[in-house]
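First the structure, in the form of structure tokens, and then the observations on it.
The values are calculated or read from the model by the stated rules, or taken from the named source; none is laboratory data. The shown structure was predicted, so the numbers you read here are calculated from the model rather than taken from an experiment. Cβ coordinates were reconstructed from backbone atoms using ideal geometry, including for glycine residues, and neighbour counts include every protein chain displayed.
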Amino acid sequence: MGELTGRDFLKEVDFTPEEWLHLVDLAGELKAARREGREERRLTGKAFALIFEKGSTRTRAAFEVAAWHQGAFTTYLDPSGSHIGSKESAADTARVLSRMYDGIEFRGAKQEAVETLAQYSPVPVWNGLTDDWHPTQSLCDAFTMIESSGKPASEIAFAYLGDCRFNMGNSLLTMGAMMGMDVRLVSPAAFAPSSELVASARSIAEATGARITVTEDVAAGVRGADFVHTDVWVSMGEPKGVWAERCRVLAPYRVTSSVMRLAGPGAKFMHCLPAFHDLETSTARLVHDLTGMRELEVSDEVFESEASIVFEQAENRLHTIKAVMVATLT
């Protein structure tokens, strides 16, 4: 699908459903080729700038390893290694880096920043995460659900529980609508996606046959779902004063064994990670001190269960990000 060559990868709605499915299929081809020892290096001699205003494990690792597999070179630019936003605008950064690199990845807070990079860069710009969208994750999740279930997208039902107002809720809702899936977003009313985004998803669904449900009812949202997703409720970038009340309100939306039983015996659990399912991290212990909760968005029992495919999902960040690189640069 050569029309993806030179394209930016900023948010799901920039692509047609057919283009999105092509990326999913390409990820499967690249994963199989890697495992079978027949991967072709299509990006030899390319160089990529990876701008990280927000830290990351999976996104950074996936971009760097995918580039290396394909014969490309990367430069990692964290806040201390780049002037973007402090001494240099996104527009000026784009005009500098695009003269040296063949592709630019950005992970940070503002969608406006990655959109500006793309506006001023003649080389592809890839969104590694903003507060509004997380397209590399939703592509990974689409691929993982199809791979794990063996079903076509139109036969897959998934639920996303918790805080549905930001990047993961936005991206999963839009991706599911584009792929014709049965999409359920489950949260308290105050944590639901915006009415504008829901309307956009419903408009897409009219063409793709997707089913869109936004509900406060956990049982109604998860019943019969093939996959149950969640994400963290708190972020280190937020004031700690909001954590306790948010956790109290979202506690009924924790993914527990009883929630998974409501979904059904074959349901799988997914999480984009990191997950607060125990007290093995400093952030989890801090939240525990504030709230008394030992588990937040998912119980340790579910996280460590056979139903959990979170580490297969994490691996698939590599293959789907590689697909984005190959599709936009060859």
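General remarks:
- G55 at pLDDT below 95 and not in a strand (DSSP E or B): yes
- Out of R95, R107, one residue alone is over 22 Å from R58 (Cα atoms) and among the basic types (K, R). It is R95.
- Hits in the range 162-187 (condition: outside any helix (DSSP H, G or I), within 18 Å of the chain's Cα centre (by Cα) and within 20 Å of R254 (Cβ to Cβ)): G162, D163, C164, R165, F166, R184, L185, V186
Listed here are the residues, each with its yes/no results for (1) outside any strand (DSSP E or B); (2) polar (S, T, N, Q); (3) without any contact (Cβ under 8 Å) to a residue 12 or more places away in the chain; (4) closer than 24 Å to M168 by Cα.
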position: R7; (1), (2), (3), (4): yes, no, no, yes
position: V13; (1), (2), (3), (4): yes, no, no, yes
position: L30; (1), (2), (3), (4): yes, no, no, no
position: R42; (1), (2), (3), (4): yes, no, no, no
position: A62; (1), (2), (3), (4): yes, no, no, yes
position: T74; (1), (2), (3), (4): no, yes, no, no
position: S80; (1), (2), (3), (4): yes, yes, yes, no
position: M100; (1), (2), (3), (4): yes, no, no, no
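Residue-by-condition table, conditions (1) touching a residue at least 12 places away in the same chain (Cβ under 8 Å); (2) under 21 Å from E155 (Cα atoms):
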site: F191; (1), (2): yes, no
site: R202; (1), (2): yes, yes
site: V222; (1), (2): yes, yes
site: D231; (1), (2): yes, no
site: V234; (1), (2): yes, no
site: G241; (1), (2): no, no
site: C247; (1), (2): yes, no
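- G37 satisfies every condition listed in (1) touching a Leu at 6+ places or on another chain (Cβ under 8 Å); (2) on the phi > 0 side of the Ramachandran plot except (1).
- Top-ranked residue of the range 188-210 - restricted to ones that are in a loop (DSSP other than H, G, I, E, B) and in contact with a Gly (Cβ under 6 Å, 6 or more places away or on another chain), ranked as surrounded by the fewest Cβ atoms within 10 Å (Cβ to Cβ): G209
- Of the candidates A72, A32, the single residue that is closer than 23 Å to T144 by Cβ, small (G, A, S) and out of contact with any Cys (no Cβ under 9 Å at 6 or more places or on another chain) is A32.
- Scanning the range 107-129 for residues that are under 21 Å from G45 (Cα atoms) and within 23 Å of the chain's Cα centre (by Cα) returns V123, P124, V125, W126.
- Residue within the range 87-97 that is more than 23 Å from the chain's Cα centre (by Cα), assigned to a strand (DSSP E or B), more than 29 Å from Q313 (Cα to Cα) and without any contact (Cβ under 8 Å) to a residue 24 or more places away in the chain present: yes
- The condition (being of a type in the set (K, R), more than 19 Å from A118 (Cα to Cα) and touching a strand residue (DSSP E or B) at 6+ places or on another chain (Cβ under 7 Å)) is satisfied by just one residue among R60, R42, R38, R34: R60.
- Residue within the range 144-160 that is free of Cβ contacts under 8 Å to residues at least 40 places away in the same chain, of a type in the set (A, V, I, L, M) and part of a helix (DSSP H, G or I) present: no
- Within the range 308-330, residues that are touching a residue at least 24 places away in the same chain (Cβ under 8 Å) sit with their Cβ atoms under 8 Å from residues that are assigned to a loop (DSSP other than H, G, I, E, B) and among the β-branched types (V, I, T), at 6+ positions apart or across chains, in these pairs: A327/T5; T328/T5; L329/T5; T330/T5.
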